[in-house]
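A short write-up of the structure that comes next.
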Amino acid sequence: MNDSKMLNFTIPEFSVQWFFLPPFTAVGVFVVLSFFSGGTAVPVDAAIWGLTGLLFIILSVLYGIFIRRNFYKGLLPVQLVAQGLFLCPLSLQLGAQMFQWVGVTMAVCGTVVLVIFYYRSLMVFVSVLQSVETSPGFESLPIPFAITDEEGFVLSISDTLLQMTNQVRQTALGEQITHLLPINGESVNLDGKEWTIVQSHMPGDKCYFQLEEAQFLQPIAPPAKSDAPLEAVDAVTTLHNLAYAVHCTNEEIYRVRRYKRWLSVALLRMVFEGGYPFEKEQEIFNAYARFVGANIRETDTACLVALRDIYVIMPETPLEGARVALGKLTDYTPHLQEELRDFGGTIRVLDKPLFFGPSVGEISFDDIMNRLSSALGTP
């Protein structure tokens, strides 16, 4: 899903977390608490110990399930609840009554965190179900795909992928994607065919997986080399020139298609209203261009592509991340107070981002600029 991140799941053969199962941790709790005993011991009824032991066993099993499912962020709250429950009667039995409230606090805090995790997972699952219900035949499309949450648990899966993996829908839903697809790098072998695994992010911290037959993927040719000067930088605005914008865009689109990555680009257009002298307007725009060049991220590139147009290339950036980055570039007023001091007109900076994922086909720089300019309103 940088706001950008690809899911790369593995199934470890053994996790060090097994050493911290609640029964093992309880031994340490007992030893530590023994040093603080010495007060008046309060006998604890056998029924209380039995109920505590039953809950402790259930929580220990839940801890193991979380390890098996790679749900590591749920381990700490389960541990807190288990040790808190164990600490309450143990502190009374050993005569360390002051620790019973520590146990109560641990159990309550762990329970609250677990409830929050459950509620968040439930909301994500419900939202996916609603989106599926509003799209008739969504899962019956003849495309092998699956949708997972941020932890890799399957929320939705197509009939085609179920057939290819010999799975039942009730069993597949809630399983990790690695239990369905033996992912090895970027490809997988199913039904005697080699399939390329395409991953992309969806809104709501979800990830989309799709399989494409490797033998039908056309080889992607690298972009043609250009003889135009590529590293030319405008001395006034400090931005790259149009030729470099074309070259860099072609390179990034090739990388998106070849390596299944993603890319965002954007166009910033400064519009003046008020009829002020061209020289004053140009002075303000040049200052703004320098501001953009100085405040973009190190991985991004800004190019001057028209009189008042700045083109920004943002590799490995999803659309949401691009909007955040652009928001920082359009808030220029506090930084250009000197240039704006005697200017009484109106200035607007229009911005429009575009996102390209692994499924993008061949697209030229001119096509991208036409889409951006049309979205802003061709001057």
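Please go through segment 283-342 and pick out each residue that is aromatic (Phe, Trp, Tyr) and either in contact with a helix residue (DSSP H, G or I) (Cβ under 6 Å, 6 or more places away or on another chain) or under 13 Å from LEU267 (Cα atoms) (or both).
PHE291, TYR311, TYR332
Yes or no, residue by residue, for (1) assigned to a loop (DSSP other than H, G, I, E, B); (2) exposed (fewer than 13 other Cβ atoms within 10 Å of the Cβ); (3) assigned by TED's automatic domain parsing to the domain that holds HIS179:
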site: GLY28; (1), (2), (3): no, yes, no
site: VAL32; (1), (2), (3): no, yes, no
site: SER37; (1), (2), (3): yes, no, no
site: THR40; (1), (2), (3): yes, yes, no
site: VAL44; (1), (2), (3): yes, no, no
site: LEU55; (1), (2), (3): no, no, no
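Considering only residues that are aliphatic (A, V, I, L, M) and part of a loop (DSSP other than H, G, I, E, B), look in segment 90-121 and name the one that is farthest from the chain's Cα centre (by Cα). Explain how you work it out, then say what you get.
As a first pass, look at segment 90-121 and keep what is aliphatic (A, V, I, L, M): 90, 92, 94, 96, 98, 102, 104, 106-108, 112-116.
Next, from what is left, pick out any that are part of a loop (DSSP other than H, G, I, E, B): 94, 96, 98.
Details: LEU94: 48, ALA96: 46, MET98: 44 Å.
Restricting to residues being aliphatic (A, V, I, L, M) and part of a loop (DSSP other than H, G, I, E, B), the top hit is LEU94.
Residue check: ALA289 meets all listed conditions (1) more than 30 Å from GLN210 (Cα to Cα); (2) outside any helix (DSSP H, G or I) but one, namely (2). Whether any residue in segment 344-354 is among the β-branched types (Val, Ile, Thr), outside any loop (DSSP other than H, G, I, E, B), under 27 Å from the mean Cα position of the chain (by Cα) and surrounded by 12 or more Cβ atoms within 10 Å (Cβ to Cβ) is what I want to check. Checked segment 344-354: no residue is among the β-branched types (Val, Ile, Thr), outside any loop (DSSP other than H, G, I, E, B), under 27 Å from the mean Cα position of the chain (by Cα) and surrounded by 12 or more Cβ atoms within 10 Å (Cβ to Cβ).
For TYR311, the criteria (1) over 21 Å from VAL246 (Cα atoms); (2) out of contact with any Phe, Trp or Tyr (no Cβ under 8 Å at 6 or more places or on another chain); (3) not basic (Lys, Arg) hold in every case but one, which is (1).
Which of the following residues is modelled with pLDDT of 90 or more and either assigned by TED's automatic domain parsing to the domain that holds PHE20 or surrounded by 16 or more Cβ atoms within 10 Å (Cβ to Cβ) (or both): VAL78, VAL128, VAL124? Please lay out each step first, then the result.
Details: VAL128 fails: modelled with pLDDT of 90 or more; VAL124 fails: modelled with pLDDT of 90 or more.
Every option except VAL78 fails the conditions.
Residue count for segment 131-158, restricted to those that are part of a loop (DSSP other than H, G, I, E, B) and either at pLDDT 80 or above or more than 19 Å from ILE67 (Cα to Cα) (or both): 12. The set of residues in segment 249-280 that are of a type in the set (A, V, I, L, M, F, W, C) and within 14 Å of GLY361 (Cα to Cα) comprises ILE253, VAL256, TRP262, LEU263. Test ARG341 against the stated conditions and say whether it is surrounded by fewer than 19 Cβ atoms within 10 Å (Cβ to Cβ) and closer than 30 Å to TYR208 by Cβ. Taking the combined requirement at face value, the residue does not satisfy it.
The values are calculated or read from the model by the stated rules, or taken from the named source; none is laboratory data. Note that the structure is predicted; figures quoted are calculated from it, not measured. As a convention, Cβ positions derive from the backbone with ideal geometry for all residues, glycine included, and neighbour counts pool all protein chains shown.
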